[in-house]
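What follows is a single structure, written as structure tokens, with notes after it.
The values are calculated or read from the model by the stated rules, or taken from the named source; none is laboratory data. All of these numbers come straight from a predicted model, not from anything done at the bench. Backbone-built Cβ (ideal geometry, glycine too); neighbour counts: all protein chains shown. Side chains are part of the model used for accessible areas, which takes the heavy atoms of the whole protein and leaves out ligands, DNA and RNA. Shrake-Rupley method; radii C 1.70, N 1.55, O 1.52, S 1.80 Å.
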Amino acid sequence: MSRFLFVVPPLVGHLNPSVGVAAELTARGHGVAWVCPDPELVGRLTGPGAGPVFACGGAPPGERPADLRGPEALKFLWEWYLLPLAEAMAPGVRAAVEEFRPDVVVADQQAFAGALVAERLGLPWATSATTSAEFTDPLAGLPKVREWLDRRLAGLRAAIGDPAGDADPRFSPHLVLAFSTPELAGGGHAGVRWVGPSVTARPSTAGFPWEWLDAGRATVLVTLGTANTDVGGRFLGVCREVLRERADRVQGVLVDPGGTLGSPGHDKDVLVLPSVPQLALLERLAGGSGAVVCHAGHNSVCEALWHGVPLVVAPIRDDQPVVAGQVTDAGAGVRVRFGRVTPRQLGAAVDAVLDGPGHRAAAARIGTAFRAAGGPSAAAAHLEDLAGEFG
């Protein structure tokens, strides 16, 4: 049996796909361990028996201006979070490798310390690509940003990696696991193993009022993920207005972790909660007439499409515009402008995905492709092959 060390950032959306893969490897008898700046978060998402969790340093993200978009937002993400995070994580990652002695390091695509430390120590490493946006070359047409990033990555490699190495820490030369499929992300990406989303059971969110759901109306789930509480107030307000206007045939579930809409509560038409059991709720929407309105976060999009649920996507920043483009190109949803959408525009988008059979059919087609790709089982098999190749 082999030993696999997962190196992950303290971000729920990046941890969740790895949780399913790690569970599959454990079920097959392999040893699994984790390195993360937030061990408590790993423990909460993995549950008991998930293997040791090693702590490491972590760099909190800089305070990003809420209106920062486009290339400046991308540069901010790298300069004030991803690069400092790699530097802070590296000593702890190296200590974990020396103690756990893995056969393979599985490095999240945004946890560069895993890739570079493995490179320096001569270990094979796999990339866990929890979003497919990097495969589209988001820096195309931004030569100055690319030159700046190349310099910064070279400096990072000199500090914590193998100075003689030349692999991009976002793309392992040994194995890249992509938690999507070409049906959504598009093709033409050599060397990528498309395993589909890693959708597995999670610790339940107690207290959801399932009896509130009205089988006679479509349910629309509105969620902006876990990292956008600072900018979501206006958009959630527009969503609530739109859903109330359609209360004769629609009821809404709004996820508002930051409390921007006031105290949690509900009436017969709109339910507002700080969190919901998203996968269980999506199972209720599967095969019905519901829809999801979201920020085009990769996990939210893939979980909706896994269940064949069409989307209204309102990308905010980072990889979300790319993922939103994938959704619309595939015909599985409608895109609106997060910061400027009006109730009329959002209402038209919601009507389109609820009433237009084409969007639902496209979502179902992608969901079928997702399930056929194999998910955690396929990812675990590829990792086993990599361990065997270097064993």
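What is the one condition in (1) of a type outside the set (Asp, Glu); (2) outside any helix (DSSP H, G or I); (3) at pLDDT below 80 that Phe54 does not satisfy? Going through (1) of a type outside the set (Asp, Glu); (2) outside any helix (DSSP H, G or I); (3) at pLDDT below 80 one by one, Phe54 breaks only (3).
Based on what the data block shows, is Ala387 of a type in the set (A, V, I, L, M), closer than 26 Å to Gln110 by Cβ and surrounded by fewer than 24 Cβ atoms within 10 Å (Cβ to Cβ)? For Ala387, the condition - of a type in the set (A, V, I, L, M), closer than 26 Å to Gln110 by Cβ and surrounded by fewer than 24 Cβ atoms within 10 Å (Cβ to Cβ) - is met. Against the criterion of being open to solvent by 20 Å² or more (accessible area, probe 1.4 Å), closer than 17 Å to Leu175 by Cβ and either modelled with pLDDT under 95 or not acidic (Asp, Glu) (or both), Ser2 qualifies. Inside region 23-52, residues that are among the aliphatic types (A, V, I, L, M) and in contact (Cβ under 8 Å) with a residue 40 or more places away in the chain make up a count of 5. Pairs are defined by a Cβ separation below 9 Å, a sequence spacing of at least 6 or placement on different chains, a first member in region 85-103 that is closer than 20 Å to Phe390 by Cα, and a second member that is open to solvent by 90 Å² or more (accessible area, probe 1.4 Å); the pairs so defined are Arg94/Arg120; Phe100/Arg3; Arg101/Arg3; Pro102/Arg3; Asp103/Arg3; Asp103/Phe390; Asp103/Gly391.
Yes/no per residue for (1) assigned to a helix (DSSP H, G or I); (2) in contact with a strand residue (DSSP E or B) (Cβ under 6 Å, 6 or more places away or on another chain); (3) at pLDDT 95 or above; (4) farther than 25 Å from Arg151 by Cβ:
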{"position": "Leu15", "(1), (2), (3), (4)": "yes, no, no, yes"}
{"position": "Ala22", "(1), (2), (3), (4)": "yes, yes, yes, yes"}
{"position": "Gly49", "(1), (2), (3), (4)": "no, no, no, yes"}
{"position": "Glu63", "(1), (2), (3), (4)": "no, no, no, no"}
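Taken as a whole, the condition of being modelled with pLDDT of 95 or more and assigned to a loop (DSSP other than H, G, I, E, B) applies to Gly196. In this structure, Ala361 does not satisfy being touching a residue at least 60 places away in the same chain (Cβ under 8 Å), hydrophobic (A, V, I, L, M, F, W, C) and over 14 Å from Val293 (Cβ atoms). Scanning region 351-374 for residues that are among the β-branched types (Val, Ile, Thr) and open to solvent by 20 Å² or more (accessible area, probe 1.4 Å) yields a single hit, Thr368. Taken across region 67-81, residues that are touching a Cys at 6+ places or on another chain (Cβ under 8 Å) and either farther than 25 Å from Ala190 by Cβ or modelled with pLDDT of 85 or more (or both) do not occur at all.
Contact map, region 379-391: residues that are at negative phi paired with residues that are crowded, with 22+ Cβ neighbours inside 10 Å and aromatic (Phe, Trp, Tyr), Cβ distance under 7 Å, separation 6+ or inter-chain. Pairs shown: Leu383/Phe4.
Residues checked against (1) closer than 22 Å to Gly288 by Cβ; (2) modelled with pLDDT under 95; (3) of a type in the set (Gly, Ala, Ser):
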{"site": "Gly207", "(1), (2), (3)": "no, yes, yes"}
{"site": "Val242", "(1), (2), (3)": "yes, no, no"}
{"site": "Glu245", "(1), (2), (3)": "yes, no, no"}
{"site": "Val250", "(1), (2), (3)": "yes, no, no"}
{"site": "Pro257", "(1), (2), (3)": "no, yes, no"}
{"site": "Ser263", "(1), (2), (3)": "no, yes, yes"}
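Within region 35-47, being over 18 Å from the mean Cα position of the chain (by Cα) and closer than 10 Å to Val19 by Cβ holds for one residue alone: Gly47.
For region 254-285, residues that are within 21 Å of the chain's Cα centre (by Cα) and within 16 Å of Val350 (Cα to Cα) total 2.
Does at least one position in region 352-368 carry a residue that is part of a loop (DSSP other than H, G, I, E, B) and more than 18 Å from Gly20 (Cα to Cα)? Yes, region 352-368 contains a residue that is part of a loop (DSSP other than H, G, I, E, B) and more than 18 Å from Gly20 (Cα to Cα). Mind checking whether some residue in region 336-347 is open to solvent by less than 10 Å² (accessible area, probe 1.4 Å) and assigned to a helix (DSSP H, G or I)? Within region 336-347, one or more residues are open to solvent by less than 10 Å² (accessible area, probe 1.4 Å) and assigned to a helix (DSSP H, G or I).
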